[in-house]
């Protein structure tokens, strides 16, 4: 089954690259201009009717986002991953929310966490997880979580460490543990 899927995709998308192939699992990479067409072909012609996830990886050093659509064909229990690279700055990826209603939630989360825009998503721009967030999207690799924390919450108070056995020994007194026995020997001296 996966061999046929690969052949059908190669005919339609000659620049397609094989990332990984395994029993009932295929991961391919296409150019960004072909990404949505490849995903739609997988649904309409190849039987991958279920959108399981849309994933984003921030490739900061290469100034790109890797977008991956994970699709499933329940009839053949096959998984198809279609990946494409998009520029990191002002990243725009067409929405699939009209095709798969579940895509709307995935796209909203990616917009909020990475700043990727999905024109056509009816709820893009609405708060999803980070109510009132005004800073750089927090899953981008150039987001400095320590700087943000210091700026928003101030310096953290240092923690005091207490050995639990010592703490319990102080409260309960001598007890049957190595720490309790050690303490009892010290007190006898």
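The values are calculated or read from the model by the stated rules, or taken from the named source; none is laboratory data. Because the structure is predicted, anything quoted here is derived from the model rather than measured. As a convention, Cβ positions derive from the backbone with ideal geometry for all residues, glycine included, and neighbour counts pool all protein chains shown.
Brief remarks follow.
- Residue match in segment 144-154 (condition: under 29 Å from residue 63 (Cα atoms) and either part of a loop (DSSP other than H, G, I, E, B) or in contact with a strand residue (DSSP E or B) (Cβ under 7 Å, 6 or more places away or on another chain) (or both)): yes
- Test set (1) touching a residue at least 40 places away in the same chain (Cβ under 8 Å); (2) over 19 Å from the mean Cα position of the chain (by Cα); (3) in a strand (DSSP E or B) - residue 86 fails condition number: (2)
- Under the condition of being over 19 Å from the mean Cα position of the chain (by Cα) and over 13 Å from residue 91 (Cα atoms), the residues counted in segment 109-120 number 1.
- The listed residues are 124, 112, 107, 89, and the only one of them that is at pLDDT 85 or above, over 30 Å from residue 13 (Cα atoms) and assigned by TED's automatic domain parsing to the domain that holds residue 39 turns out to be 112.
- Selection status of residue 130, touching a residue at least 24 places away in the same chain (Cβ under 8 Å) and either crowded, with 20+ Cβ neighbours inside 10 Å or touching a helix residue (DSSP H, G or I) at 6+ places or on another chain (Cβ under 6 Å) (or both): no
- Subset of segment 10-48 [under 24 Å from residue 116 (Cα atoms) and part of a loop (DSSP other than H, G, I, E, B)]: 16, 30, 31
- Residues (more than 15 Å from residue 88 (Cα to Cα) and in a loop (DSSP other than H, G, I, E, B)) located in segment 49-76: 49, 74, 75, 76
- Residue in segment 82-98 that is at positive phi and surrounded by 15 or more Cβ atoms within 10 Å (Cβ to Cβ) present: no
- For residue 12, the requirement of being assigned by TED's automatic domain parsing to the domain that holds residue 87 and out of contact with any helix residue (DSSP H, G or I) (no Cβ under 8 Å at 6 or more places or on another chain) is not met.
- Selected residue [assigned by TED's automatic domain parsing to the domain that holds residue 7, in contact (Cβ under 8 Å) with a residue 40 or more places away in the chain and farther than 27 Å from residue 11 by Cβ] from 76, 56: 56
- One residue alone among 142, 135, 98 is at pLDDT 90 or above, in contact with a helix residue (DSSP H, G or I) (Cβ under 8 Å, 6 or more places away or on another chain) and within 30 Å of residue 34 (Cβ to Cβ), and that residue is 142.
- Qualifying residue in segment 58-77 (condition: touching a helix residue (DSSP H, G or I) at 6+ places or on another chain (Cβ under 8 Å) and over 30 Å from residue 136 (Cβ atoms)): yes
- Subset of segment 64-80 that is over 17 Å from residue 110 (Cα atoms) and in contact with a strand residue (DSSP E or B) (Cβ under 8 Å, 6 or more places away or on another chain) - its residue that is surrounded by the most Cβ atoms within 10 Å (Cβ to Cβ): 80
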